[in-house]
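The values are calculated or read from the model by the stated rules, or taken from the named source; none is laboratory data. In this text, all values refer to a predicted model and were calculated from it rather than measured experimentally. Note that we place each Cβ from the backbone using ideal geometry, even for glycine, and neighbour counts take in every protein chain shown. Please note that ligands, DNA and RNA were not included when accessible areas were found on the heavy atoms of the full protein model with its side chains. Shrake-Rupley method; radii C 1.70, N 1.55, O 1.52, S 1.80 Å.
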Amino acid sequence: MQVPIFKVSLPLDNKLLASLPRDHFDRLLPNLVVVNLPQGLVLNEAGDEVDQVYFPHNGMLSLLAVLRDGKAIETATVGREGAVGAMAGLGLHKSLVRVVVQMPMSGCKIAASHFRTVAAGSDPVRNLCIRYNEVLLSQARVTAACNALHSIEARFCRWLLQSADRAASDTVNLTQEFLAEMLGVRRTSVTEVASKVQSAGAITYSRGVIKILDRPALTRMSCECYETLLDQSSALI
(Lines give C-alpha, C1' and ligand atoms only; values in the text may rest on other atoms or scores of the structure.)
Protein backbone atom coordinates (compact mmCIF):
# COMPACT_ATOMS: atom_id res chain seq x y z
CA MET A 1 0.00 0.00 0.00
CA GLN A 2 1.31 3.42 -0.93
CA VAL A 3 2.04 5.60 2.10
CA PRO A 4 -0.04 8.79 1.88
CA ILE A 5 1.75 12.13 1.90
CA PHE A 6 0.09 14.73 4.09
CA LYS A 7 0.62 18.45 4.09
CA VAL A 8 1.77 19.84 7.41
CA SER A 9 -1.30 20.11 9.62
CA LEU A 10 -1.94 21.79 12.95
CA PRO A 11 -4.47 21.21 15.76
CA LEU A 12 -6.42 24.33 14.79
CA ASP A 13 -7.15 22.71 11.41
CA ASN A 14 -9.80 20.79 13.35
CA LYS A 15 -12.96 22.89 13.46
CA LEU A 16 -14.02 21.77 16.93
CA LEU A 17 -10.68 22.73 18.44
CA ALA A 18 -10.68 25.99 16.48
CA SER A 19 -14.11 26.82 17.93
CA LEU A 20 -12.79 26.83 21.50
CA PRO A 21 -11.84 30.12 23.18
CA ARG A 22 -8.09 30.42 22.75
CA ASP A 23 -7.27 30.25 26.46
CA HIS A 24 -9.21 26.97 26.78
CA PHE A 25 -7.62 25.54 23.63
CA ASP A 26 -4.22 26.40 25.11
CA ARG A 27 -4.98 24.15 28.08
CA LEU A 28 -5.21 21.19 25.68
CA LEU A 29 -2.31 22.15 23.42
CA PRO A 30 0.63 20.81 25.51
CA ASN A 31 -0.81 17.28 25.37
CA LEU A 32 -2.01 17.23 21.75
CA VAL A 33 0.10 14.95 19.54
CA VAL A 34 -0.08 15.20 15.73
CA VAL A 35 -0.44 11.79 14.03
CA ASN A 36 -0.73 10.40 10.50
CA LEU A 37 -2.93 7.31 10.28
CA PRO A 38 -3.22 4.88 7.33
CA GLN A 39 -6.46 3.75 5.73
CA GLY A 40 -7.96 0.68 7.36
CA LEU A 41 -6.38 1.15 10.80
CA VAL A 42 -8.77 0.19 13.62
CA LEU A 43 -8.55 2.72 16.45
CA ASN A 44 -11.14 1.14 18.73
CA GLU A 45 -13.26 -1.98 18.81
CA ALA A 46 -16.74 -1.98 20.34
CA GLY A 47 -16.30 -2.52 24.07
CA ASP A 48 -12.80 -1.03 24.27
CA GLU A 49 -12.16 1.62 26.87
CA VAL A 50 -11.47 4.91 25.09
CA ASP A 51 -7.96 5.95 26.07
CA GLN A 52 -7.34 8.49 23.27
CA VAL A 53 -9.46 11.29 21.83
CA TYR A 54 -8.89 11.97 18.11
CA PHE A 55 -9.41 15.27 16.28
CA PRO A 56 -9.00 14.82 12.49
CA HIS A 57 -7.38 17.59 10.44
CA ASN A 58 -8.16 15.87 7.13
CA GLY A 59 -9.26 12.43 5.99
CA MET A 60 -12.09 10.58 7.68
CA LEU A 61 -12.96 8.11 10.43
CA SER A 62 -15.87 5.67 10.25
CA LEU A 63 -17.96 4.51 13.20
CA LEU A 64 -19.38 1.04 12.61
CA ALA A 65 -21.98 -0.93 14.51
CA VAL A 66 -20.75 -4.54 14.80
CA LEU A 67 -23.16 -7.49 15.03
CA ARG A 68 -22.52 -10.78 16.81
CA ASP A 69 -21.81 -12.55 13.52
CA GLY A 70 -19.02 -10.06 12.78
CA LYS A 71 -20.88 -8.10 10.13
CA ALA A 72 -20.61 -4.33 10.45
CA ILE A 73 -22.25 -1.24 8.97
CA GLU A 74 -21.32 2.40 9.17
CA THR A 75 -23.45 4.58 11.45
CA ALA A 76 -21.51 7.86 11.29
CA THR A 77 -18.42 9.51 9.83
CA VAL A 78 -16.07 12.04 11.37
CA GLY A 79 -13.77 14.48 9.60
CA ARG A 80 -12.13 17.76 10.50
CA GLU A 81 -15.44 19.11 11.75
CA GLY A 82 -15.47 16.69 14.68
CA ALA A 83 -13.83 14.30 17.11
CA VAL A 84 -13.91 10.64 18.14
CA GLY A 85 -13.92 9.71 21.81
CA ALA A 86 -14.77 13.17 23.10
CA MET A 87 -17.27 11.81 25.64
CA ALA A 88 -14.27 10.40 27.49
CA GLY A 89 -13.83 13.99 28.66
CA LEU A 90 -16.85 13.53 30.92
CA GLY A 91 -15.65 10.29 32.54
CA LEU A 92 -14.43 6.78 31.81
CA HIS A 93 -15.99 5.83 28.52
CA LYS A 94 -16.25 2.61 26.51
CA SER A 95 -16.61 2.67 22.76
CA LEU A 96 -19.92 1.29 21.52
CA VAL A 97 -18.68 1.12 17.93
CA ARG A 98 -15.66 0.07 15.88
CA VAL A 99 -13.66 3.12 14.79
CA VAL A 100 -11.78 2.70 11.50
CA VAL A 101 -9.64 5.11 9.49
CA GLN A 102 -11.79 5.23 6.37
CA MET A 103 -9.55 7.59 4.41
CA PRO A 104 -5.89 8.28 5.29
CA MET A 105 -5.98 10.82 8.08
CA SER A 106 -3.78 13.40 9.68
CA GLY A 107 -4.98 14.76 12.97
CA CYS A 108 -4.11 15.09 16.60
CA LYS A 109 -4.82 12.94 19.61
CA ILE A 110 -4.80 13.49 23.33
CA ALA A 111 -4.83 10.92 26.13
CA ALA A 112 -8.33 10.64 27.58
CA SER A 113 -6.92 11.18 31.07
CA HIS A 114 -5.41 14.55 30.05
CA PHE A 115 -8.61 15.48 28.22
CA ARG A 116 -10.71 14.74 31.32
CA THR A 117 -8.43 16.88 33.48
CA VAL A 118 -8.88 19.87 31.18
CA ALA A 119 -12.62 19.28 30.75
CA ALA A 120 -13.10 19.22 34.52
CA GLY A 121 -12.08 22.89 34.68
CA SER A 122 -13.40 24.11 31.33
CA ASP A 123 -17.06 24.69 30.49
CA PRO A 124 -16.25 25.20 26.77
CA VAL A 125 -14.47 21.83 26.55
CA ARG A 126 -17.29 20.02 28.40
CA ASN A 127 -19.83 21.68 26.12
CA LEU A 128 -17.79 20.57 23.10
CA CYS A 129 -18.07 16.94 24.29
CA ILE A 130 -21.84 17.13 24.75
CA ARG A 131 -22.52 19.11 21.58
CA TYR A 132 -20.57 16.84 19.28
CA ASN A 133 -22.05 13.72 20.85
CA GLU A 134 -25.44 15.10 19.76
CA VAL A 135 -24.09 15.45 16.23
CA LEU A 136 -23.01 11.78 16.19
CA LEU A 137 -26.35 10.63 17.60
CA SER A 138 -28.14 12.66 14.94
CA GLN A 139 -25.98 11.08 12.22
CA ALA A 140 -26.70 7.61 13.56
CA ARG A 141 -30.46 8.22 13.55
CA VAL A 142 -30.53 9.56 10.00
CA THR A 143 -28.17 6.86 8.74
CA ALA A 144 -30.31 4.11 10.30
CA ALA A 145 -33.41 5.46 8.54
CA CYS A 146 -31.48 5.85 5.28
CA ASN A 147 -30.15 2.28 5.40
CA ALA A 148 -33.64 0.91 6.01
CA LEU A 149 -35.65 2.97 3.54
CA HIS A 150 -33.51 4.18 0.65
CA SER A 151 -32.04 2.41 -2.36
CA ILE A 152 -28.41 1.34 -2.52
CA GLU A 153 -27.87 3.83 -5.35
CA ALA A 154 -29.16 6.78 -3.30
CA ARG A 155 -27.14 5.68 -0.26
CA PHE A 156 -24.01 5.24 -2.37
CA CYS A 157 -24.35 8.79 -3.73
CA ARG A 158 -25.08 10.22 -0.27
CA TRP A 159 -22.06 8.45 1.11
CA LEU A 160 -19.78 9.74 -1.68
CA LEU A 161 -20.92 13.32 -1.09
CA GLN A 162 -20.28 12.97 2.66
CA SER A 163 -16.84 11.49 2.02
CA ALA A 164 -15.88 14.23 -0.42
CA ASP A 165 -16.96 16.85 2.12
CA ARG A 166 -14.85 15.25 4.84
CA ALA A 167 -11.85 14.91 2.53
CA ALA A 168 -12.30 18.42 1.08
CA SER A 169 -11.63 16.81 -2.30
CA ASP A 170 -13.62 15.46 -5.25
CA THR A 171 -11.33 12.42 -5.36
CA VAL A 172 -11.91 9.56 -2.92
CA ASN A 173 -9.65 6.50 -2.71
CA LEU A 174 -11.68 3.47 -1.68
CA THR A 175 -11.86 -0.16 -2.74
CA GLN A 176 -15.12 -1.94 -3.54
CA GLU A 177 -14.60 -4.18 -0.50
CA PHE A 178 -14.36 -1.17 1.80
CA LEU A 179 -17.39 0.48 0.21
CA ALA A 180 -19.41 -2.70 0.58
CA GLU A 181 -18.63 -2.90 4.29
CA MET A 182 -19.46 0.76 4.87
CA LEU A 183 -22.84 0.39 3.13
CA GLY A 184 -23.59 -3.08 4.49
CA VAL A 185 -24.09 -4.60 1.04
CA ARG A 186 -22.43 -7.18 -1.22
CA ARG A 187 -19.45 -6.17 -3.33
CA THR A 188 -21.40 -7.03 -6.50
CA SER A 189 -24.03 -4.46 -5.49
CA VAL A 190 -21.34 -1.79 -5.20
CA THR A 191 -20.02 -2.73 -8.64
CA GLU A 192 -23.48 -2.43 -10.21
CA VAL A 193 -24.30 0.88 -8.54
CA ALA A 194 -20.90 2.45 -9.26
CA SER A 195 -21.25 1.46 -12.92
CA LYS A 196 -24.71 3.04 -13.10
CA VAL A 197 -23.60 6.30 -11.47
CA GLN A 198 -20.55 6.39 -13.74
CA SER A 199 -22.74 5.85 -16.82
CA ALA A 200 -24.80 8.87 -15.72
CA GLY A 201 -21.63 10.97 -15.91
CA ALA A 202 -21.57 11.83 -12.21
CA ILE A 203 -18.32 10.00 -11.36
CA THR A 204 -15.43 8.04 -12.75
CA TYR A 205 -14.39 4.91 -10.88
CA SER A 206 -11.22 2.95 -11.60
CA ARG A 207 -8.97 0.81 -9.41
CA GLY A 208 -10.34 2.08 -6.13
CA VAL A 209 -10.24 5.76 -7.09
CA ILE A 210 -13.57 7.60 -7.34
CA LYS A 211 -13.60 11.06 -8.84
CA ILE A 212 -16.73 13.20 -8.72
CA LEU A 213 -17.26 14.82 -12.13
CA ASP A 214 -20.72 16.32 -11.70
CA ARG A 215 -21.58 17.14 -8.10
CA PRO A 216 -25.09 18.52 -8.83
CA ALA A 217 -25.94 15.30 -10.69
CA LEU A 218 -24.60 13.22 -7.80
CA THR A 219 -26.68 15.28 -5.36
CA ARG A 220 -29.81 14.67 -7.46
CA MET A 221 -29.12 10.93 -7.41
CA SER A 222 -28.61 10.98 -3.66
CA CYS A 223 -31.43 10.83 -1.13
CA GLU A 224 -32.65 13.67 1.08
CA CYS A 225 -30.46 12.38 3.91
CA TYR A 226 -27.36 14.18 2.61
CA GLU A 227 -29.01 17.58 2.99
CA THR A 228 -30.63 16.54 6.26
CA LEU A 229 -27.26 15.60 7.75
CA LEU A 230 -25.74 18.90 6.63
CA ASP A 231 -28.60 20.90 8.13
CA GLN A 232 -28.56 19.03 11.44
CA SER A 233 -24.80 19.27 11.77
CA SER A 234 -24.86 23.02 11.10
CA ALA A 235 -27.57 23.48 13.74
CA LEU A 236 -25.73 21.51 16.41
CA ILE A 237 -22.09 22.57 15.93
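Check each of the GluC sites (Glu not before Pro) in segment 149-237 and keep only those in coil by DSSP with at most 13 other C-beta atoms within 10 angstrom; list them in order.
Glu224
The shape of segment 139-196 comes out oblate: with a ≥ b ≥ c from the C-alpha gyration tensor, a/c is at least 1.5 while a/b does not beat b/c.
3J(HN,Hα) along segment 175-188, derived from phi through the Karplus expression 6.51 cos²θ - 1.76 cosθ + 1.60 where θ = phi - 60°, amounts to 7, 5, 4, 5, 4, 4, 5, 4, 8, x, 10, 6, 4, 4 Hz, with x in place of Gly and Pro.
Extension gain for Val66-Glu49 works out to 4.5 nm (0.36 nm per residue, less the C-alpha to C-alpha distance). Rounded to whole numbers, the Karplus 3J(HN,Hα) couplings from phi for segment 91-96 are x, 4, 9, 9, 6, 9 Hz, using 6.51 cos²θ - 1.76 cosθ + 1.60 with θ = phi - 60°, and x at Gly and Pro.
Measuring from a point 7 Å past the Cα of Val34 along Cα-to-C-beta, which residues in segment 86-124 have an amide N at less than 12 Å? Answer for segment 86-124: 106-109.
Rolling a 1.4 Å probe across the protein heavy atoms gives segment 29-91 an accessible surface of 41 Å² per residue. What the Kirkwood sum gives for the chain is a hydrodynamic radius of 18.2 Å, with every pair of different alpha carbons counted. On the principal axes of its alpha carbon atoms, segment 92-145 extends 38, 25, 19 Å, with the longest extent given first.
For segment 136-237, divide the Cα radius of gyration by the Kirkwood radius and give the resulting Rg/Rh value with two decimals.
Working: Rg = 13.0 Å, Rh = 13.7 Å.
For segment 136-237, the value is 0.94.
Spatially close Lys pairs in the chain, defined by Cα atoms under 23 Å apart and a spacing of eight or more places or different chains, total 7.
Coupling constants for segment 102-111 follow from the phi torsions by the Karplus curve (6.51 cos²θ - 1.76 cosθ + 1.60, θ = phi - 60°), and in residue order they are 7, 10, x, 10, 10, x, 10, 10, 9, 4 Hz; glycine and proline get x. Whole angstrom only: what separates the Cα centroid of segment 177-237 from the Cα centroid of segment 29-70? Here the two parts' Cα centres lie 23 Å apart.
With q set to 0.15, 0.16, 0.19 Å⁻¹, the log10 of I(q)/I(0) for segment 71-211, from the Debye formula over equal scatterers at the Cα positions, is -0.81, -0.90, -1.15. With the simple spin-label model, which puts each label point 7 Å out from Cα in the Cβ direction, the Val42 to Leu230 separation comes to 3.5 nm.
Relative to the Cα centre, what is the charge dipole magnitude of the chain, using +1 at the beta carbon of each Lys and Arg, -1 at the beta carbon of each Asp and Glu, and rounding to the nearest 20 debye? Intermediate values should be presented prior to the final figure.
On the way: 24 positive and 22 negative charges, 39 e Å.
Charge dipole of the chain: 180 debye, to the nearest 20.
Per-residue ellipticity at 222 nm, computed for the chain from helices alone with -39500 (n - 2.57) per DSSP H run of at least four residues, works out to -13500 deg cm²/dmol.
Hey, any idea what % of the chain's accessible area is carbon plus sulfur with a 1.4 Å probe?
Taking all protein chains in place, the chain shows 54 percent carbon and sulfur surface.
Eigen-decomposition of the gyration tensor built on the alpha-carbon atoms of segment 1-128 gives equivalent ellipsoid semi-axes of 24, 19, 11 angstrom, largest listed first.
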